Amino acid sequence: GLSFKASNQKTLYGFCYESFENNVLKTQIYYEVQIYCSEDNFSNSYIFEINRKQLYVNNKMPDSKIEQIVEKAAETIFPLKIKIKSTGEIEEILTGSTIQKRWLSVKENLLKYYQGETVAKVIYKIETVLLNDDLLKQSICQNWFFHLYFKPLYVDYTEELRYRFIWKSPVFGNQSIEYGAVHTIEEHYDTDDKINIKISGIAIEERTIEEIMEGYDFPKKYLSEEVTQPAESKMEVAYRLYKEDRSVFSVTGIFETKIQENIQQKIQVEIYHLAESSSFRPGSDVARKESQRIFQSYQNKEDDDIIDITLRIKRELEKATPKIERIMGTSGLK
C-alpha cells in the first residue's frame, strides 16, 4: 500500500477555485494556506495545523456586508488543528473549544458593527455550526480545499493499482453530489519523481439537480408517480505526490454538472505547493526558506495583482513540472 511519511515540515499552498457557466467564468476564489504537519507518537497518527491567509473573491477582498460577516466568522476557525486517519482523511477537529471561544468574542464585535434582521439570521446560522463539533467538522469537510486535500490516498490499491471510493463533493456549497469514483495510481514515478493518482467518477444520484440544490436527502419520485431525471455530473481529479514523503505537491480537479438542458456548470479547483525552485524536495531547508520568502512577497501584493499572482504561480508550476505525455519512470512504488 501507499503510506504517508511526512512530518515536522511547513508547506505553503496556493488554492484557486473557479466556477463557470457554459464556459463563462462566474466566480474566482483565491487564497494561500500554510500547513504544518507533525507526528502524534501517542496515537500513531498525524496532526495538521492549518492557517489560511487573506481570501480574495473575483480579485478583491470580500466587500458586501454578508460576505464580510462570513469571512470574519471563517477566520475564527484558523489556526485549525486536525487529526488525520492513516488513509489521509480527517478524523477529528482538535481545536473545537478554541474556535468557540474565538467566535464568541468575534460575534460580540459583529453585533456592534452590523445591524438588521438579515445580519442576525446569518450570525445565528454561523453560530449553530461553530458551536457544534459535528456540524463544524461537516462544514470544514465541505470546504473545497479540505475536501480535496484530505482524501483517502494512502490505502492498499488492488493489483490493477485501483481503489474504489464514494466521493460526496460540495458542488453546490452545502449540498453535495455523490460520485462513484475509481482512484488509479500510476505504476511508476514520473520523470519528475512524483507519484501520480488519477480519480474519475460519475454521479450515482437518484435525486434530480433541483432536489440536490434544495437540500432533499432522497428523491421525491418515491412519493409520487412522476418520472424524474437524475442529476448528470462527472468529475476528474489528479494528484501529484512527492516521492520522498508522499505529501501533496498538487491537486487539480474538474467537476462538470448539467444544470438545465442548455446550462452546463463547471467547477475547476487547483491546489499547488508554492515552492519557488523546481529542484525543491521535501526536507530541504533552503527550499523551505525560499518558499517562505515567496509567501511573504505575495502577502505584500496589492489586491488587484491577484490575477498576476495566480498566473505567475501557474507559470512557475509549469516550469517546475514539464508536461509528461506518458509514464517514463522505471522505479515502482514498492
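The values are calculated or read from the model by the stated rules, or taken from the named source; none is laboratory data. What you see is a predicted model; the values in this text were computed from it and never measured. Positions of Cβ are generated from backbone atoms using ideal geometry, with glycine treated the same way; all protein chains shown enter the neighbour counts. All accessible areas refer to the heavy atoms of the entire protein, side chains included, with ligands and DNA or RNA removed. Shrake-Rupley method; radii C 1.70, N 1.55, O 1.52, S 1.80 Å.
Odds and ends about this structure:
- Any hit, the range 170-178, residues being of a type in the set (S, T, Y), under 14 Å from F255 (Cα atoms) and open to solvent by 10 Å² or more (accessible area, probe 1.4 Å): yes
- Evaluation of E127 against (1) part of a helix (DSSP H, G or I); (2) in contact with a strand residue (DSSP E or B) (Cβ under 9 Å, 6 or more places away or on another chain) (one fails), failing number: (2)
- Selection from the range 49-76 of residues that are touching a Lys or Arg at 6+ places or on another chain (Cβ under 7 Å) and either open to solvent by 60 Å² or more (accessible area, probe 1.4 Å) or not β-branched (V, I, T) (or both): E49
- Among the residues of the range 237-258, those identified as within 18 Å of the chain's Cα centre (by Cα), among the polar types (S, T, N, Q) and farther than 18 Å from V155 by Cβ are S250, T252.
- Of the residues making up the range 216-236, just one is within 22 Å of the chain's Cα centre (by Cα), over 30 Å from P282 (Cβ atoms) and open to solvent by 30 Å² or more (accessible area, probe 1.4 Å), namely K234.
- Summed over the range 1-17, residues that are touching a Phe, Trp or Tyr at 6+ places or on another chain (Cβ under 7 Å), open to solvent by less than 30 Å² (accessible area, probe 1.4 Å) and over 13 Å from H273 (Cα atoms) total 1.
- Residue in the range 186-197 that is of a type in the set (S, T, Y), part of a loop (DSSP other than H, G, I, E, B) and either within 30 Å of S3 (Cα to Cα) or open to solvent by 50 Å² or more (accessible area, probe 1.4 Å) (or both) present: yes
- Near pairs, Cβ below 9 angstrom, 6+ apart or cross-chain, from the range 215-235 (closer than 21 Å to E256 by Cβ) to any residue that is open to solvent by 100 Å² or more (accessible area, probe 1.4 Å): E232/I202; S233/I202; K234/I202; M235/I202
- Test: residue in the range 18-26 that is free of Cβ contacts under 8 Å to residues at least 60 places away in the same chain, open to solvent by 30 Å² or more (accessible area, probe 1.4 Å) and β-branched (V, I, T): yes
- Residue in the range 135-155 that is over 17 Å from G253 (Cα atoms), outside any helix (DSSP H, G or I), open to solvent by 60 Å² or more (accessible area, probe 1.4 Å) and modelled with pLDDT under 95 present: no
- Residue in the range 93-114 that is open to solvent by less than 50 Å² (accessible area, probe 1.4 Å) and within 21 Å of F172 (Cβ to Cβ) present: no
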